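Here the structure comes first, spelled out in structure tokens, and everything after it is commentary.
What follows draws every value from the coordinates through simple rules; no lab data is involved. No experiment lies behind these values; they were computed from the predicted model shown. Glycine also receives a Cβ, built like all others from the backbone with ideal geometry; neighbour counts cover every protein chain displayed.
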């Protein structure tokens, strides 16, 4: 059947029962990313199978890591650069359609991650069987890259599982477990990992008839009338979370599905046209860039960190949540505070976190057992990493470090979760500065992906590498930053927040300020953000940063604090808070926001980012953009503040800052670094 074919990435086996097993084991990669070479070889194999007409075809992975993580995104960057994206989309569609049209049944045997083009490959098969392993996940996350499935996935999935379930997967990028995929009809059978191939062969031979309710739902929700009814509803749902001008992909997906009927070829052509157009947008290019920035951060420290026991001092919100997260990720953790009554609330929050994140009871109990209260601090002596997370006071932290170092192991790392105190100040008096660093988490710890590794001139490179590896082990993204006041994230964020509070003090309504920021692309407005962070925390950091940045603390912040209003935590700040949600006042319909409001908010943010790059707070512009995006949520579709500045024009933005400085004061004066852009 395969005489004369020499495959580099595929292995083929013809079993005695005339079932062909194709195993993908990409030769030049640790995972089965779908390159054009992989697809070309698959196309050749499918041609031979179509001619030979075996009893069945089974497609599986030869990688222990998983099935297929998706298309090779680096190749698509090349296709975008040389204008061949349309050809690449068409080739993928053609291979998958030939698979779908085979005269014999085909089965995808899925174990581990199955994403993007891998899921589209599985959809082109007659049936799908998945292992019930914890790491088996099936999804179509292309929307996170500014596009949507373009190798037939957006056409096949709605007609397989029904439009509501299909759109939920594609519009959110959410991945499903094997059992969840089976419940919606995406997977026909779930198997133990060791029996996966046998289950796939049995499924190929016997076939599978899906329940009539699933088939009826799939048909009913894809008729012309259903598409016209459902599409506007889907658009409204998406519009609540994303603006069309910022993220066009989900809206394009819905519209293409709404208007595309007819033959399979006609629907595939409509999909291809839409996806190719999206791939050429600035949003898609920036989101792809962010994907690679994320991969760069993941690879900073490698895997070997030598840390098994973490000791956290300070059981407040940050310290307690850091301890809980480390325990969730498999580390033995001891949590220290002055008295047990201060630790117990942190343990209760940890149990709530484990309830949300861990489904199996035995694994949940194991996580609970890994987190131990330690009032006396005995855990320091056996810890590989000690994280200080007490209140922001230099003298208190230095006194704590002196006590900890008395029993700290020689090869253990001591880290501070300080959010703003310069590391040179904290380092003074440390006996082993080479193994001391800042490890700055962001609140809420369970949701914010970034951790700043804060450097000082005495830090050992191996300590920095171990901390980066540790961050990856707890599923966080590390960014090494200089130990100057505010480091990176707080330093660029606070001019933006302080200007927002200044605007508020001038009488501009909070909701108007927040809407201007959200319209630009920020995930949350700065007034709501200040309430969420806590006005007391904001004031504490501002006292460190404002002298360094040459700014002043707006009167509105102090007056609220003097009235005992700290924001969300107290139920009252700039806004009133109920059940964790801000009750924003109504703005008069005839109110008109100042024309320069967006610039007043965003340009101080970008201005400080330019200064950070100029001063070497981070190694390069890519790391700066990555740190700011993952640490603040800065408009991902814009690619980060430096990418935005370059796209908007450094000369024009610098001139605009000079105008704002004339109108509103010297705080807008361009910082050093603009000319280098």
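Structure summary
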{"quantity": "Compactness of the stretch 489-668 as Cα Rg over 2.2 N^0.38 Å, two decimals", "calculated": "1.00"}
{"quantity": "Helix 248-259 vs. the chain, principal-axis angle (Cα, 0 to 90°, nearest 10)", "calculated": "30"}
{"quantity": "Inter-part distance where the stretch 501-565 and the stretch 19-78 are each reduced to a Cα centre, Å", "calculated": "53"}
{"quantity": "Residue 587 versus residue 213: modelled label distance in nm, points set 7 Å from Cα along the beta carbon direction", "calculated": "4.6"}
{"quantity": "The chain: antiparallel DSSP beta bridges as a percent of all, rounded to 5", "calculated": "25"}
{"quantity": "Crossing angle, helix 597-615 versus the chain [Cα axis fit, 0-90 degrees, rounded to tens]", "calculated": "90"}
{"quantity": "Rounded to 10°, Cα long-axis angle of helix 510-520 versus longest principal axis of the chain", "calculated": "50"}
{"quantity": "Rounded if a/c under 1.5, otherwise prolate or oblate - the stretch 309-481, Cα gyration tensor axes", "calculated": "prolate"}
{"quantity": "224, 257, 674 arranged by Cβ crowding within 10 Å, fewest neighbours leading", "calculated": "224, 674, 257"}
{"quantity": "Nitroxide proxy distance, nm - points 7 Å out along Cα→Cβ at residue 659 and residue 241", "calculated": "3.7"}
{"quantity": "Value of relative contact order over the stretch 309-481, rounded to a whole percent, pairs C-alpha under 8 Å and six or more apart", "calculated": "20"}
{"quantity": "Correct option for semi-axes √(5λ) of the Cα gyration tensor in Å [calculated from the coordinates] among (1) 51, 28, 22; (2) 47, 32, 24; (3) 59, 31, 28", "calculated": "(2)"}
{"quantity": "387, 59, 110 arranged by Cβ crowding within 10 Å, fewest neighbours leading", "calculated": "387, 59, 110"}
{"quantity": "Peptides 338-350, 159-171 ordered by average Cβ neighbours within 10 Å, highest first", "calculated": "159-171, 338-350"}
{"quantity": "Anisotropy class of the stretch 96-143 from Cα gyration tensor, a/c 1.5 cut", "calculated": "oblate"}
